[in-house]
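Reviewing the structure listed below.
The values are calculated or read from the model by the stated rules, or taken from the named source; none is laboratory data. None of the values given here were measured: they were computed from a predicted structure. Glycine also receives a Cβ, built like all others from the backbone with ideal geometry; neighbour counts cover every protein chain displayed. Keep in mind that these areas ignore ligands, DNA and RNA; they rest on the heavy atoms of the full protein, side chains included. Shrake-Rupley method; radii C 1.70, N 1.55, O 1.52, S 1.80 Å.
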Amino acid sequence: MNEMWTEDPKVQRSAVILGLGGLLPFWTLPVIAVFSGLIGAEMAETLLGFVALYGAIICSFMGGTRWGLAMRTPEAGPFSGLLGSVMPPLLAWVVVGASAFGLAALKAPLMQLLVIAGLLAIQLFEDWRSTGRKLLSPWYLRLRMTLVAGVTTPIILALIIGSVSG
């Protein structure tokens, strides 16, 4: 296994705890969708906008991990690795800024979140490929799979709840 990834159970446990804690804002989506009648549609939309912004931050964070990997493993294709690490976060920021630029198709926060979930899935795919090349540890890939599922599930639930109730 690549020496840059620890197999220390304490580090793994900490990563799992922090990663799962990072899902909490995403899991507010179904709650917001269910209780939007109580808080009002405009407030629900605003809160979802904040969650979309948080999603762009998480996408950027994951891009940073991909950047670090590309810097440590230039034999894997430094330019493509670096470019691949910055494109999903840049697209995420364009998506959350869409309403400021009048891009009506991406103005709804749930649509923004759906795109961000897709970008996180693309980053996960790259982590899967890196694990196959033995550049990442299998425990990290398992964590990433859990976290991406933990991000996309509440977004899909909120979309379903929104389409049924609206």
Could you please give the count of residues in segment 33-47 that are of a type in the set (G, A, S) and open to solvent by 70 Å² or more (accessible area, probe 1.4 Å)? 2
When segment 81-139 is checked residue by residue, the ones that are more than 17 Å from I155 (Cα to Cα), surrounded by fewer than 18 Cβ atoms within 10 Å (Cβ to Cβ) and among the β-branched types (V, I, T) are V86, V94
Failed condition for L113, given (1) under 25 Å from T46 (Cβ atoms); (2) aliphatic (A, V, I, L, M); (3) modelled with pLDDT under 85: (3)
Hey, among the residues in segment 88-146 that are β-branched (V, I, T) and under 20 Å from T6 (Cβ atoms), which one's nearest to the chain's Cα centre (by Cα)? T146
Leading residue by the ranking (farthest from A15 (Cα to Cα)) among those in segment 130-142 that are touching a helix residue (DSSP H, G or I) at 6+ places or on another chain (Cβ under 8 Å) and assigned to a loop (DSSP other than H, G, I, E, B): R133
When every residue in segment 17-27 that is more than 12 Å from the chain's Cα centre (by Cα) and without any contact (Cβ under 8 Å) to a residue 60 or more places away in the chain is compared, the one farthest from L120 (Cα to Cα) is I17
Going residue by residue through segment 95-104, is there one that turns out to be polar (S, T, N, Q) and modelled with pLDDT of 90 or more? no
Could you please let me know if F50 is open to solvent by 60 Å² or more (accessible area, probe 1.4 Å) and more than 13 Å from the chain's Cα centre (by Cα)? yes
